[in-house]
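What follows draws every value from the coordinates through simple rules; no lab data is involved. What you see is a predicted model; the values in this text were computed from it and never measured. Positions of Cβ are backbone-derived with ideal geometry, glycine not excepted, and every protein chain shown enters the neighbour counts.
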């Protein structure tokens, strides 16, 4: 038993390390991208469209990538995704305008679509079913630690070395994640599931979309990520419009990511013992309110404080939500379910980036953030209503059991 726990712990540590390095490298670019695009003549709306390009690519490709991870194996999808992300970072500094940046970000989105759902499925596979909440809390804490350090480091590097050179650092770190994965990736990631229970693609999708618990999770994910797309794409421009610099932007992003990361381990443990749907809805509602409040903030201190509350909501909501997705589907379809989940993440962010730039141009940053917060809150309410309805319907009949063996 002790050896088995040690094995699970070692494999989870590898997944966490890969996630940390990958997202640290990727998030170096977050505070720099809007400013680099603006230096090439991009308007606010065009900055939103550049972010939307990678989110559209990641969102559309996450589902087939998750399916391929189930069928062909996790290892080639993870390694291929990391190589594509690294290569795309090298293209950005050579862009001559917003259109070329958008093309490079389409490539980046394809790599992220291959990596993210596959790694989330891998984390579930190497973890005991009864401890999925804490496993995801450790993995997402590692990811958000990278997201915490990345923006602050990216803003500092942008000031010291120049905006364009940040993308070279990003490429190098992502390639380092590739090398680490190649050497230490858990054996469970080597091959796909071969238990003979796999169904056709259309049948698998239909079964998952008839799962009301999963569908409710996807609605909640869309709501939270619509709001997060607003934060990622337009917070740098909102801050610089107030006279703040790239370093300040990095600190604001770090405040969000730090509060997000610090809460994931304790709340991940809690999510293994409480109703994950209620916990998800509470966190997402707090996130939506904090997002709306950002529009009224002025100065680095108030923006950082609101960003910290926003991160608090994300840490609570998405920790429970990710584990909930993993436990309401069969193991052999988990990659596809995670593909749907990640598709909603990036499509939600894409719709926000593509639409809110236009909205900001007409109503300003203040009202733009308020509108985005209201949309996020409305979709959170839809998630919770469908979740409660599905749970009540199941409780009236035979109670299904999730992957941890706990009745709903």
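Rg/Rh for the range 249-408 to two decimals, with Rh computed the Kirkwood way over all alpha-carbon pairs.
Radius of gyration over Kirkwood radius for the range 249-408 works out to 1.02.
To the nearest 10 degrees, how steep is helix 74-91 against the longest Cα principal axis of the chain, on a 0 to 90 scale?
Value to nearest ten degrees: 0.
On C-alpha positions alone, give me the angle between the axis of helix 166-184 and the longest principal axis of the chain, in degrees, nearest 10.
On a 0 to 90 degree scale, this one is about 20.
Among 354, 246, 392, determine the one that fluctuates most according to a GNM of the chain built with springs between C-alpha atoms less than 10 Å apart.
392
Using just the C-alpha positions of the range 42-102 as equal point scatterers, what log10 of I(q)/I(0) does the Debye formula give at each q in 0.28 1/Å?
Per q value, in the given order, log10 I(q)/I(0) is -1.15.
Using Cα springs under 10 Å in a Gaussian network model of the chain, which residue among 242, 74, 131 shows the largest mean-square fluctuation?
The residue that fluctuates most here is 242.
At a 10 angstrom cut-off on C-beta neighbours, averaged per residue, how do the peptides 215-227, 267-279 rank from highest to lowest?
Most protected by this proxy first, the peptides run 215-227, 267-279.
Rg to Rh for the chain: what is it, with Cα atoms only and Rh by Kirkwood?
Reported Rg/Rh (Cα atoms, Kirkwood Rh): 0.95.
Using just the Cα positions, wrap the range 1-107 in a convex hull and report its mean projected area in square nanometres, one decimal place.
Across all orientations, the range 1-107 yields a mean hull projection of 8.0 nm².
Given the rule -39500 (n - 2.57) for each run of at least 4 DSSP H residues, summed and divided by the residues of the chain, what is its mean residue ellipticity at 222 nm, to the nearest 500 deg cm²/dmol?
Result for the chain: -29000 deg cm²/dmol, rounded to the nearest 500.
Along the principal axes of its C-alpha atoms, what lengths does the range 80-141 span, in descending order and rounded to whole Å?
Projected onto its principal axes, the Cα set of the range 80-141 covers 51, 20, 14 Å.
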